[in-house]
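To start, the structure under review is shown below, and the notes come after it.
The values are calculated or read from the model by the stated rules, or taken from the named source; none is laboratory data. Model, not experiment: these values are computed from the prediction. Don't worry about glycine lacking a Cβ; one is built from the backbone with ideal geometry, like all the others, and counts go over all protein chains shown. Quick note on the areas: whole protein, heavy atoms, side chains included, nothing else; ligands and nucleic acids left out. Shrake-Rupley method; radii C 1.70, N 1.55, O 1.52, S 1.80 Å.
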Amino acid sequence: MEFTVKSGNPEKQRTACVVVGVYEPRRPSPAAARLDEASGGHLGAVLRRGDLEGKLGQTLLLHQVPGTLCDRVLLVGCGRERELNETRYRQVLVAAAQRLNEIGAMEAVSYLPELAVRGRDLPWKVRLAVEATEEALYRFEQFLSKPERPRRPLRRLVLGVPRRRDLPACEEAVAIGQAVAAGVRLARDLGNLPPNVCTPSYLAEQAAELAGRHPACRVQVLEREDMEREGMGALLAVARGSRQPPKLIVLEYRGGGESEPPVALVGKGVTFDAGGISLKPAAAMDEMKYDMCGAAAVLGTLEAAARLRLPLNLLGVVPATENLPGGNATRPGDIVRTLSGQTVEILNTDAEGRLILCDALTYCERFGPETVIDIATLTGACVIALGRHATGLMSNHPPLAHELLAAGRTAADRAWELPLWEEYQEQLKSPFADMANIGGREAGTITAACFLARFTGKFRWAHLDIAGTAWLTGERKNATGRPVPLLTQFLLERAAAREGGSR
Ligand code: BES
Ligand code: MN
Ligand code: ZN
């Protein structure tokens, strides 16, 4: 998709389609009011007839609107004006993009960025328009023999802005939106790939390709023997049941100063989670191919950061393995020694994410990170607690939690904090080892984070549980690419703070 910004009036646009918003109940946005005036009251008459109430996501296509130079006008419902917030604005954009893609208008000029979203400026709205449009048009069809494609898909979207002097900032916003969208696309593709293709080795190859695309990136992959030499007993315990060799992928992006400590992103890369000997039930087990979406988010965020040439140093660490049962697999009751030296009694082999992450977190120590953020489809309990709307956030450093929550609001990719109080640690007690790998039925998302917290004493750390947000389930199953927008926003703000700049 091609995106550009342009100033000028809607009635003057010579294009296949002009897109304008209509608020509920039947109230034109400024651009819609202009078209109404230019057309001698045509739009107002249509609205009064009751063809479009203006409910969120409704659309109505008009042809040959008098007084305009465009072939069509697409009206998009925005809901009540006062209720338009970040997520609703995104829904408006998605509805418009889907309809545009179907009607055969290969190009359109959209005035949706003029809609008022409280506390958000024009560049923000332009950027979100790019991200949401790309998100709406995404298809994963590489395994379909006959993909269903519109004959004339949307190819070019022009974003209308009020004034010429808005153009430079909005052009930069387009570039940011495109970088985030590219990161989201990469994360979605990796998530959607079947587990027989997207193996730990495949993830390592994709990391190498990413590094090949960007001169500021470097990749290093630790093999099983390296993990043995290092003493990563927990990661190795998970990999035992699989024929696929595990990989610990270390990606570096150097955009900051020589000696500046990196922000580390650690992503769970379980390319298929059958549960191991603690086997999962059969229903929807295919969805456990998404158990590498933390890893996908790390690669996606590095892709976005590299495209934006962010003036930061980043470290991406991905422990990648399958979790399968087998004659050599880890048994419930096995005790392993982690890279940190602490021992773990593995009571449930399906609580494998924390086992691979704990060694990856300890491994980060040697890079002297400024901050470490892990991203993981870690617990089903998080889906129960927060559903699919918010990522679970837990941290040992309140200002970091605050930063991430704000970044999630800005990116319309929200997180919600859960407590990490020490009282919860008791649930991980084991009579035989330093800790157990499960903490019982209560507060499952928190006890999983408590486990990780025992490996993060040496740095500022936050944990993002994306079990609910990384993919859509059931009929509409698909990877979402979350939380790439949140993480990229977080890094953009870090970069801006460092430069004292404006981005
Ligand atoms: N990958 C799963 C978590 C998960 C479950 C994500 C459902 C998305 C949907 C994780 O490895 C797991 O199996 N967790 C267990 C932990 C339990 C054994 C303590 C869970 O959530 O049931
Ligand atoms: Mn599991
Ligand atoms: Zn898992």
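To keep it simple, each residue is scored yes or no on (1) away from ligand 2 (no atom under 16 Å from the Cβ); (2) within 20 Å of Q244 (Cβ to Cβ).
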{"position": "A282", "(1), (2)": "no, no"}
{"position": "K289", "(1), (2)": "no, yes"}
{"position": "A305", "(1), (2)": "yes, no"}
{"position": "N313", "(1), (2)": "yes, no"}
{"position": "E322", "(1), (2)": "no, yes"}
{"position": "T343", "(1), (2)": "yes, no"}
{"position": "N348", "(1), (2)": "no, no"}
{"position": "E365", "(1), (2)": "yes, no"}
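Output yes when any residue across the range 434-448 is out of contact with any Asp or Glu (no Cβ under 6 Å at 6 or more places or on another chain), β-branched (V, I, T), over 24 Å from E352 (Cβ atoms) and outside any loop (DSSP other than H, G, I, E, B), and no when none is. Looking through the range 434-448, none of the residues is out of contact with any Asp or Glu (no Cβ under 6 Å at 6 or more places or on another chain), β-branched (V, I, T), over 24 Å from E352 (Cβ atoms) and outside any loop (DSSP other than H, G, I, E, B).
Which pairs turn up if I take residues in the range 194-205 that are surrounded by 15 or more Cβ atoms within 10 Å (Cβ to Cβ) and look for partners that are outside any helix (DSSP H, G or I) and aromatic (F, W, Y) with beta carbon separation below 7 Å, at least 6 apart in sequence or on another chain? Every condition considered, the pairs that remain are P195/F272.
Is there a residue in the range 232-241 that is open to solvent by 20 Å² or more (accessible area, probe 1.4 Å), without any contact (Cβ under 8 Å) to a residue 12 or more places away in the chain, of a type outside the set (F, W, Y) and more than 16 Å from ligand 3 (Cβ to nearest atom)? No. Residues T456, T391: which one is of a type outside the set (A, V, I, L, M), out of contact with any helix residue (DSSP H, G or I) (no Cβ under 6 Å at 6 or more places or on another chain) and surrounded by 21 or more Cβ atoms within 10 Å (Cβ to Cβ)? Checking each option against the conditions leaves just T391. If you go through the range 452-483 and keep only what is in contact with a Ser or Thr (Cβ under 8 Å, 6 or more places away or on another chain) and acidic (D, E), you end up with just D465. The set of residues in the range 323-332 being out of contact with any helix residue (DSSP H, G or I) (no Cβ under 6 Å at 6 or more places or on another chain) and either open to solvent by less than 40 Å² (accessible area, probe 1.4 Å) or in a strand (DSSP E or B) (or both) consists of G326, A329.
For every residue, the table says whether it meets (1) open to solvent by 10 Å² or more (accessible area, probe 1.4 Å); (2) of a type outside the set (A, V, I, L, M, F, W, C); (3) closer than 19 Å to A407 by Cα.
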site: L137; (1), (2), (3): yes, no, no
site: A169; (1), (2), (3): yes, no, no
site: G177; (1), (2), (3): no, yes, yes
site: V180; (1), (2), (3): no, no, yes
site: G183; (1), (2), (3): no, yes, yes
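Taken over the range 292-322, the criterion of being surrounded by fewer than 24 Cβ atoms within 10 Å (Cβ to Cβ) and in a loop (DSSP other than H, G, I, E, B) is satisfied by L308, R309, P311, L312. Going through (1) touching a residue at least 40 places away in the same chain (Cβ under 8 Å); (2) away from ligand 2 (no atom under 12 Å from the Cβ); (3) more than 17 Å from P200 (Cα to Cα) one by one, D359 falls short only on (3).
The condition (being within 15 Å of ligand 1 (Cβ to nearest atom), outside any loop (DSSP other than H, G, I, E, B), open to solvent by 10 Å² or more (accessible area, probe 1.4 Å) and not basic (K, R)) is satisfied by just one residue among D286, D350: D286.
Rundown of residues vs (1) under 24 Å from G177 (Cβ atoms); (2) under 33 Å from the mean Cα position of the chain (by Cα); (3) open to solvent by less than 10 Å² (accessible area, probe 1.4 Å), yes/no style:
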| residue | (1), (2), (3) |
| --- | --- |
| V5 | yes, yes, no |
| P10 | yes, no, yes |
| A16 | yes, yes, no |
| V19 | yes, yes, yes |
| P25 | no, no, no |
| P30 | yes, yes, no |
| A33 | no, no, no |
| A38 | no, no, no |
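Does the range 397-417 contain at least one residue that is touching a residue at least 12 places away in the same chain (Cβ under 8 Å), out of contact with any Cys (no Cβ under 6 Å at 6 or more places or on another chain), within 16 Å of ligand 2 (Cβ to nearest atom) and small (G, A, S)? The answer is no, given that none of the residues of the range 397-417 is touching a residue at least 12 places away in the same chain (Cβ under 8 Å), out of contact with any Cys (no Cβ under 6 Å at 6 or more places or on another chain), within 16 Å of ligand 2 (Cβ to nearest atom) and small (G, A, S).
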